[in-house]
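Here is the structure we will look at.
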Amino acid sequence: MTTAQTSEKVQQWTNLAQQLRIDSIRCTTAAGSGHPTSSMSAADLMAVLMTDYLHYDFDNPKHPNNDHLIFSKGHASPLLYSMYKAAGAITDDELMTLRKFGSRLEGHPTPVLPWVDVATGSLGQGLPIGVGIALAGKYLDKLPYKVWVLLGDSETAEGSIWEAFEHASFYKLDNMIAILDCNRLGQRGPTMLQWDTSAYEARAKAFGWHTIVIDGHNYEEINRAYAEAVQVTNVPTLIIARTVKGKGVSFLEDVGGWHGKALSSDKEEKALEELATSSRSKVYTVQKPEDKQPVRLPEGQPIELPTYEVNKDKVATRKAYGDALKALGEAVPQLVALDGEVSNSTYAEEFAKAFPNRYFEQYIAEQQMIAAAVGLSVRGYIPFASTFAAFLTRAYDFIRMAAISRANIRLCGSHAGVSIGEDGPSQMALEDLAMMRAVFGSTVLYPCDPNQTAQLAAEMTKHDGVVYMRTTRAALPTIYAPDETFSVGGSKVLRESDADQVAVIAAGITVHEALQAYDQLRSEGITIRVIDAYSVKPIDNETVLAASQAVGKIITVEDHWPEGGLGDAVTEVFTQSVGQFPQIAKLAVHSMPGSGTPAELIEDAGISAHHIVLAVKAMLNRL
């Protein structure tokens, strides 16, 4: 560019950045809350990005070649929304509804807005999710779109950020460009590294990233950094921008105590005087993306699920999950799989061997695994992510936020309950049903035999939201025929008669204990109804209510802590219905288990066939 052109471009960037700062202040003052100063520090960075490097069609947010802009520092949403106004996507009137009831402009970005890919209010998640989107772009879509992520310096204290750094480097995600808004101040004071940009650079380089250190308010440096970043190959890029929180307003610049605080009307007036610009509502042109299409997916084949022979095959449900995942890979070309370095235990390795180009190993980084699944779902893929169910607790915030993101992800947690045996309590998921049931809009499935597992895995591909399957380590008898069908929200009544005295509701491994208890009780002249509640959420209300009306006595039995699992799911049915509350007993794991054989631990936990028999007799006063 000539000197005149450069001067004109700098003036354009200056005008836009000032407009973004002004609007960030105006909308937060109107709201009476928000983060204007966190928005102001990155305004120059976003001004240059928006006019010269971002490729995005705001009229078509689903355009396959749009760049992806993720505000990992989601509290800077006033800046993001001001950018939408500057792009002509929203009006000034809507901007001023920030944080108001019923507004699309929530306190932190969510996909209620069509230009927002994911919710990022919980810090440390935007970059890991960006990894998932970048994986899709580089390896699946094979499109040249970029994934731009605005990072806050405070959130680099989150371990999930460094999981993302490691995985982005490992997968050579040169389509990912992170911009670190290094403004020194966090919520309660200075950040850990403050303005030590060399320390950030050293850390990023250690993870294999290309780094560029700049003055985040120098337009020429910002421009050169972006121009360099888009040309980098084989590695991701981190632009480390030294910025000033509250930039542009003298009484806000680098002053503590302003984080998350809106300006009063009188201070707003003074701030806007300092930020005076010729236009406050100018619309700026954003470059449209190239008109390319993703790689054409092959036609899906008819589903041919694995089958197992009743009363002959004993197969762990985790193995049946792996068999089914491989079969679904043939039928559903959008299906991708991830695992946390236990694929030889979850049996996701079967999919990995059959479809290596659609499998992404996430190693022992469960937060990154869930984030990558969310990112892949942004691009329309159907991700199945698996690990030991106990280890999903590490990623619970990511699962919670996935629901807020309206993400469609499928999770499988293996090695659930005390029945895993000798590995001991650190490997036993005893909280997972409660954890997953508490996620908004989630589906929770717990199969008890291999044919049921395969059928439910196929059902998982059809359901939106967070869908969770719990699988067991031990080989279990096959009790359902291959042509048996299972629907989400259903159950199966396995034993039933008009003489039933108690209904026993079980799921997973305890279904087999309940069937053994049935046989023993029947030999003693006591008949019970046995219900396989494989759909823990939504629970089969109709079948549970029918059992209550028929017998009036219910025992639930589960390989899980008593809080929040199957027993509570069944009990909640009666809090939502009109009628007599039945007598209910909950058999669950009440004491801390140790190591032992599965049979020993199930017996010690009080959830064995023997304990079901005792509970039935106690309920009938037959002890």
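The values are calculated or read from the model by the stated rules, or taken from the named source; none is laboratory data. Keep in mind that what you see is a predicted model, and the values were worked out from it rather than measured. We place every Cβ from the backbone using ideal geometry, glycine too, and count neighbours over all the protein chains shown.
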Residue satisfying all of: in region 569-587; in contact (Cβ under 8 Å) with a residue 24 or more places away in the chain and within 12 Å of residue 505 (Cβ to Cβ); farthest from the chain's Cα centre (by Cα) among these
582
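Given the structure, is residue 332 of a type in the set (Val, Ile, Thr), touching a residue at least 12 places away in the same chain (Cβ under 8 Å) and either within 13 Å of residue 454 (Cβ to Cβ) or not assigned by TED's automatic domain parsing to the domain that holds residue 459 (or both)? Before you say what the answer is, go through the steps one by one.
Numbers: of a type in the set (Val, Ile, Thr): yes; touching a residue at least 12 places away in the same chain (Cβ under 8 Å): yes; either within 13 Å of residue 454 (Cβ to Cβ) or not assigned by TED's automatic domain parsing to the domain that holds residue 459 (or both): no.
No, not satisfied.
Listed here are the residues, each with its yes/no results for (1) surrounded by 14 or more Cβ atoms within 10 Å (Cβ to Cβ); (2) touching a strand residue (DSSP E or B) at 6+ places or on another chain (Cβ under 6 Å).
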site: 283; (1), (2): no, no
site: 291; (1), (2): no, no
site: 295; (1), (2): no, no
site: 307; (1), (2): yes, no
site: 318; (1), (2): yes, yes
site: 335; (1), (2): yes, yes
What number of residues within region 537-555 are crowded, with 16+ Cβ neighbours inside 10 Å and either within 20 Å of residue 441 (Cβ to Cβ) or not assigned by TED's automatic domain parsing to the domain that holds residue 602 (or both)?
4
In region 198-232, what residues are over 29 Å from the mean Cα position of the chain (by Cα) and among the hydroxyl-bearing types (Ser, Thr, Tyr)?
198, 219, 226
Check every one of the strands (runs of 3 or more DSSP E) wholly within region 465-519 and list those with 1 or more residues that are of a type in the set (Val, Ile, Thr) and under 34 Å from the mean Cα position of the chain (by Cα).
466-470, 492-495, 502-506
Could you say whether any residue in region 175-187 is buried (at least 24 other Cβ atoms within 10 Å of the Cβ), of a type in the set (D, E, K, R) and over 18 Å from residue 49 (Cβ atoms)?
no
Residues that are assigned to a loop (DSSP other than H, G, I, E, B), buried (at least 24 other Cβ atoms within 10 Å of the Cβ) and of a type in the set (Gly, Ala, Ser), drawn from region 556-604:
565
Scan region 342-366 and report the pairs whose first residue is over 18 Å from residue 136 (Cα atoms) and whose second residue is of a type in the set (Ser, Thr, Tyr) and in a loop (DSSP other than H, G, I, E, B), with Cβ atoms within less than 8 Å and a gap of 6+ or a chain change.
346/471
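Regarding region 118-129, can at least one residue be identified that is within 26 Å of residue 224 (Cβ to Cβ), in the same structural domain as residue 63 (by TED's automatic domain parsing) and in a loop (DSSP other than H, G, I, E, B)?
no
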Going by the conditions given, is residue 262 free of Cβ contacts under 8 Å to residues at least 40 places away in the same chain and over 27 Å from residue 10 (Cβ atoms)?
no
Among helices (runs of 4 or more DSSP H) entirely within region 289-391, at least 3 residues that are out of contact with any Ser or Thr (no Cβ under 9 Å at 6 or more places or on another chain) occur in 317-331, 366-378
Which of (1) modelled with pLDDT of 85 or more; (2) within 24 Å of residue 412 (Cβ to Cβ) does residue 300 not meet, given it meets every other one?
(1)
Identify, please: which residue in region 489-536 is among the hydrophobic types (A, V, I, L, M, F, W, C), touching a Ser or Thr at 6+ places or on another chain (Cβ under 8 Å) and more than 16 Å from residue 620 (Cα to Cα) and is, among those, surrounded by the fewest Cβ atoms within 10 Å (Cβ to Cβ)?
493
Please return the ranges of helices (runs of 4 or more DSSP H) entirely within region 1-98 where 2 or more residues are of a type in the set (A, V, I, L, M, F, W, C).
3-31, 43-52, 77-86
Criterion (closer than 30 Å to residue 106 by Cβ, out of contact with any Gly (no Cβ under 7 Å at 6 or more places or on another chain) and either touching a residue at least 40 places away in the same chain (Cβ under 8 Å) or not in a strand (DSSP E or B) (or both)) met by exactly one of 423, 397:
397
